Structure formats: structure tokens, C-alpha cells
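Comments concern the structure below.
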């Protein structure tokens, strides 16, 4: 299953890496992109900063991202030559392949959180993404 992707003029992503009492915030943006691209990019950029194999919990409000792993969509996409259940090419394949390589390095658990609610860190990631968009414009 894939969600429709609406191209936006500007998109942003934000991530917070936390280990014990250390916290690092990262963000970025892109022109002509989609929400889904930004969601996957946030996880890729966070995992790329890890210097050695780690156990990682990724909290995301993106059902697209979380379900790709928790519902084993990515395994099926790879098995089916990067085709989705409708036999169409998987969108953002390059990003999924990059994330899949990082998943082979790290032990990652994906946890779905409710978007735009009371999750302090999810709200902060939204702020970081909006700030990154402002810096692009």
C-alpha cells in the first residue's frame, strides 16, 4: 500500500537523536518534494549520524514510514522487484533502498506516534521542519 504523494514547493524534515542525557537536533529541507520523502529522509539522516551499530527506536507520526517496516511492506517490495501491491513501481525507491541499507547496520524499531498532539519530541520535529522550510524560502 502506498499513500498519494502531493508535490509541494518546499518541504522540511526534523529529527532529534537522543542517547542518555545527550540530545542532538537536525533538520533540512528541499524544494519540489513530498511529505513522504521528508519523513523517510529524516530517518535516513538520523541513522547516518550514528558512528557504530546501535539499537534505535524511531518514533514517527508517518504511517507510511512505520508501516513500511512494521507491516513488512519493504520486504514485499524487494521480493517483488520494487513493485507495490498494485504492481506499480514503488515511489521513492532510492530513499527506501538507502534506508534499507542503514537498517542492515542498525537494529531499528519503528513506533507510531500521533501527529500534531501532545508528543513533545514530535512537535519539536515539526518545528525543526518548519524552520528548515523558512530557511529555504
- Message: Is it the case, given these coordinates, that residue 37 is closer than 16 Å to residue 95 by Cβ and part of a strand (DSSP E or B)?
- Response: no
- Here are 47, 17: which of them is at pLDDT 95 or above and not in a strand (DSSP E or B)? 47
- Task: Looking only at the range 95-133, count how many residues are more than 13 Å from the chain's Cα centre (by Cα), within 18 Å of residue 69 (Cβ to Cβ) and in a helix (DSSP H, G or I).
- Result: 3
- Only one of these conditions is not met by residue 29: (1) modelled with pLDDT of 95 or more; (2) assigned to a loop (DSSP other than H, G, I, E, B); (3) under 19 Å from residue 132 (Cβ atoms). Which number is it? (2)
- Test result for residue 23, free of Cβ contacts under 8 Å to residues at least 12 places away in the same chain and in a loop (DSSP other than H, G, I, E, B): no
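The values are calculated or read from the model by the stated rules, or taken from the named source; none is laboratory data. Here the structure is a predicted model, which means the values were calculated and not measured. Virtual Cβ from ideal backbone geometry, glycine too; neighbours counted across all protein chains shown.
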